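Please treat every number below as a calculation from the coordinates, not as lab data. As the structure is a prediction and not an experimental result, all values here were calculated from the model. As a convention, Cβ positions derive from the backbone with ideal geometry for all residues, glycine included, and neighbour counts pool all protein chains shown.
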Amino acid sequence: SDLLRLFNSRSTQLVLGAGAIHSAARLKSINAKHLSLVTQCLGMTIAILPHVRAALMAQLPSKQHGLLQDLDIIKKEYADHNEKVLNKFVTIIGGIVEHSLAPRILGTNFDARAAKKEEGCCNFLEGVATNTRKMHQVLSALLPPDHLQDVFSRIFAHVDNKTPDLFVTAATPSKNSQGAFYFPTTADGKRQMLNEVEIMTTKLNKLPGVRPWEFTVVRAIERQIEFELHPCITNDNRNAHNSDKSDRESGELTKLNNESGKKLTNGTNLQ
């Protein structure tokens with residue numbers, strides 16, 4: 001148990017605590033690759049511990065089974081450490097989005113982009129998709145499938161919640177001293193903005209091996225700019241549509257019956 005605790009403590013100090021930068025390893029930074037290796041080690045130990053416990057229980061006298069509770073505590077410590085490592089991936093993407101990419105929102109004019117019929121995403125949204133894809137390229141080669149899905153579900157949830165807030169912050173003069181961003185005012189501009197956000201979410205969900213995320217960012221921005229990208233069909237409209245369809249089908253059937261009656265009158269035989 002002391003050896004397991006030593007590994008957990010030292011790996012926490014070196015990676016999450018960034019101690020490896022100042023150690024003999026002289027790393028320039030702690031990156032996603034280092035975090036991936038740590039979470040693999042932690043995951044392997046967590047998977048093995050129950051088997052170690054069972055083997056020891058079979059060998060120890062029943063009076064000493066209480067000693068095995070220490071392994072249960074260690075397993076929880078490893079799980080807590082692993083949870084912090086997984087959240088660190090989200091922190092990395094969050095830092096890039098909020099500090100490196102958010103300034104790109106300033107000066108973005110969706111009304112002008114719509115007038116020019118710009119395709120693809122604006123610099124900010126494209127940056128979010130690109131940096132998330134780069135993270136995916138690193139992690140997909142290092143993490144097992146279940147960990148990969150877990151990490152990117154967390155990343156997608158962060159992007160989903162944070163993106164509308166960043167647009168609002170950029171459009172709030174009191175919170176922004178570097179320039180100005182204005183939400184689109186024309187219907188085409190609003191549609192352009194929502195389309196670009198939807199393109200970004202589609203790109204993220206197309207990353208291989210991730211669990212598709214039900215993004216709500218489009219709906220959040222729809223409420224902000226009071227515009228629907230894909231207007232829902234109301235019950236009244238749906239009923240009217242179905243009624244028109246029934247009337248057309250009824251008319252076609254009546255026409256068909258009249259034509260059949262004329263043919264029979266003229267001596268046409270049915271085989």
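Only the Cβ atoms of Lys and Arg (+1) and of Asp and Glu (-1) were treated as charged; on that basis the dipole of the stretch 134-201 about its Cα centre amounts to roughly 220 debye.
Rounded to the nearest whole angstrom, the semi-axes of the ellipsoid equivalent to the stretch 47-117, taken from the Cα gyration tensor as √(5λ), stand at 56, 11, 6, largest first. Near LEU229: Cβ cut-off under 10 Å, other residues only, Lys/Arg at +1 and Asp/Glu at -1. The net charge is 0. Which shape class applies to the stretch 62-213: rounded if a/c is under 1.5, otherwise prolate when a/b exceeds b/c and oblate if not, where a ≥ b ≥ c are the square roots of the Cα gyration tensor eigenvalues? Judged from the Cα gyration tensor, the stretch 62-213 comes out prolate (a/c at least 1.5, a/b above b/c). Rounded to the nearest 20, the size of the Cβ-charge dipole of the stretch 107-220 about its Cα centre is 100 debye, with Lys and Arg at +1 and Asp and Glu at -1. Based on every Cα atom in the stretch 1-120, Rg and the maximum pairwise Cα distance Dmax equal 22.6, 80 Å.
Set Lys and Arg Cβ to +1 and Asp and Glu Cβ to -1, take the dipole of the stretch 34-83 about its Cα centre, and tell me which of ALA58, ILE48, LEU71 lies farthest positive. Towards the positive end, the residue furthest out is ALA58. How about the stretch 138-214: which chymotrypsin sites (Phe, Trp or Tyr not before Pro) there lie in a loop by DSSP and see at most 13 other Cβ atoms within 10 Å? Taking the stretch 138-214 and a limit of 13 other Cβ atoms within 10 Å, the loop chymotrypsin sites (Phe, Trp or Tyr not before Pro) found are TYR182. Annotation for the stretch 1-91: chymotrypsin sites (Phe, Trp or Tyr not before Pro) lying in DSSP loop with at most 12 further Cβ atoms inside 10 Å of their Cβ do not exist.
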